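Here is the structure we will look at, set down as structure tokens.
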Amino acid sequence: MGEIRNFKSGNQGERPPHGAVPRRLAAIIVGDIASYSRLMQADEEGTHVRVKRIERDLIQPSIVEHHGSLVKTTGDGFIAIFDSPVEAVRCSIVIQQNLVGRNASLPKDSRIEYRIGVNLGDVIVESDDIYGDGVNIATRIEGIAEPGQVFISGAIYEQIKHKVVCGYESLGDRKVKNITDPVRVYRVLPDADAVSRTRGRRENILIFFLSLALLVIAGYVLWYMLAQPGSQVGQHAAAPPAVAPTASPTPAEPGSTAPAPQVAPAASPSPTAVPSPAALPSLVPLPSTASIREPEMVAIRAGSLAMGSIDDPTERPVHQVAIKPFAIGKYPVTVREWNECAAAKACGFTAIGKDDAPVTNVSWTDAQQYAVWLAQATKKPYRLPSEAEWEYAARGGTQTKYWWGDKLQPGMAACKDCGDVSADQPVKVGSFKPNPFGLYDMGGGVDQWVADCWHKNYQGAPADGSAWIGADCTSHVLRSGSWKNDARYVRPANRDSYDTNVRYPTHGLRIALGP
Amino acid sequence: MKIVCCLALSALLVLSSSAAYSQGKPAPKDARLYFITPHDGQKIRGGFWVRFGLRNMGVTHAGDDYQNSGHHHLLIDVNDPIDPKEPIPQDKSHLHFGAGQTETFLELPPGTHTLQLVLGDAKHYPFDPPIVSSKVSVRIR
């Protein structure tokens, strides 16, 4: 590590033959192995051989492939320069993603993980080294990157934000050592792991605050009831669990049948109104709210995506869309969930089939009815997702053709040629791997209605993540493709249309929650 | 002997398939499905209207189960035979007109394309025998 950071102390004696100092603007990648000293201590020769192999097989070819040039390698790192910031970031992503594959089979403490920092700067280029502020900033950014991640400077971000399709997380302005001005730093979120890690951490914080809030509420309720006359003390047994499900974003497990925790929300706002805990289940004031099995939801944080692809005329042009935070169903709506709407006479038909299979033969109008019913019954803003939200959720922070990569893999989705047998019915929800956002069946399985009217391409599409609704809406957008479609339809960018009022046996829906 | 055997086998197959699937609603023998435009071999520049013709049957919405009526499906560059036991597929090469449309505006990439109409019943199954148009090919410049 020390060697890399020591650019200015390098071999300054040599100058290229031509007299003037050769300066140029370049995108600089600095990579460095995390815990190199520990790896060397554990297995000096083995580590050395592995590092050299990674440099030879992965790093050098990736740089060449992206039209960059390797300036130098050091014991535990490398420096490369690129004419194009886009190519520099793409190259960094390729290197990191390939390393994930190489590391997958190794135990944690013998993994070779690089931190990578990318900066744009005017630098002095010499035959075997480069010098300048730009290099030092790249090194500092690399220093704060987490192992396995790519951090980029604001200058790089400005160049690539609409060009490299992946997520960016702003880490704000960072003060870096020996550099006067703070540097804006972004984390690049190209791969599945990076996204889910971020999400995990944010969720943990969220859960922490949620439970804190719950504790305060529970404490207040306890105090309130203890302050009341003795006859009502017994209630506090019911009160704390009553609060929990209302605040949790995922109230219902699809497998569970006990309605008990969902009975409670109705009772919690007015604990004194209910005479005794024993009578609670039968005396629920709002029976419809109490018995509803809400689809399990996953919170999606705000972000942006490059929506669309060049694979099909309907998916062009690729355009940047900002997404506000929302929640989306972990699975497509199931037969069991649908039939609660049917039982309430709010949905057009009773679905047949296994309880945990996705509901099918749903028209857009049917899907909309379900969303309206669910919103009214639960008093929560349930709705159909917008097309942009669907694609953002389906991509799960990835920029690849499929969410798992560019190649078709068996066991990832239900489709005609995805490697699994097609049946008359789609298999039960959640039978395949979840995407990086923890969502199941985002691609294959059942076609899923979204709120948007059909437009034959994205010319004039909104950029704020809202549904694109037109005046004459005879057909709406379907996403995901079905178990009867081929692999092209499984792509997160794929879109199709169908008549608004017509049912078809492969069409289902997924619900969203948010204003 | 062999022929008898074959006949018996095919009869059995037909019987078993019609027994297993109650789909495949009977259609009038003289029903005819055809393209009003374009005609076979037509050269076209840009987008074009496709108009569907149907005689001796009626066009209705998908989902409406009336005798002797169905809705149109337009197959673009489809070479797979129609499976009478399955709903007509829904994808970018099988366009559905379940709202009872009898025409559509198509924009296809340059080259030669084939078009074919298939009539579907209330649940998108082909009729028995299938009501299909002859295949026309158009050349887009």
Using the count of nearby Cβ atoms within 10 Å as a rough guide to exposure, how do A:Lys72, A:Lys401 rank from fewest to most?
-> A:Lys72, A:Lys401
Output the relative contact order of the stretch A:297-513, whole-number percent, from Cα pairs under 8 angstrom with separation of 6+ residues.
-> 29
Which of B:Lys43/B:Lys135; A:Lys108/A:Lys407; A:Lys416/B:Lys92; A:Lys456/B:Lys92; A:Lys330/A:Lys407 have a Cα-Cα distance over 20 Å?
-> A:Lys108/A:Lys407; A:Lys330/A:Lys407
Out of the stretch A:423-495, which trypsin sites (Lys or Arg not before Pro) are coil in DSSP terms and have no more than 13 other C-beta atoms within 10 Å?
-> A:Lys456
May I ask you to compute the full-extension gain from A:Val372 to A:Ser170, defined as 0.36 nm times their residue separation minus their alpha-carbon distance, rounded to one decimal in nm?
-> 69.1 nm
If we sort A:379-390, A:357-368, B:110-121 on the protection proxy, mean other Cβ atoms within 10 Å, highest first, what's the order?
-> A:357-368, A:379-390, B:110-121
Order by neighbour count: A:Leu509, B:Leu106, fewest other Cβ atoms within 10 Å first, most last.
-> B:Leu106, A:Leu509
Taking A:Asp447, A:Asp486 and counting other beta carbon atoms within 10 angstrom, the fewest-first order is A:Asp486, A:Asp447
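The numbers here are math on the coordinates, done by the rules we state, and not lab data. Predicted, not measured: the structure shown is a model, and the values here were computed from it. Cβ atoms come from the backbone with ideal geometry, glycine included; neighbour counts cover every protein chain shown.
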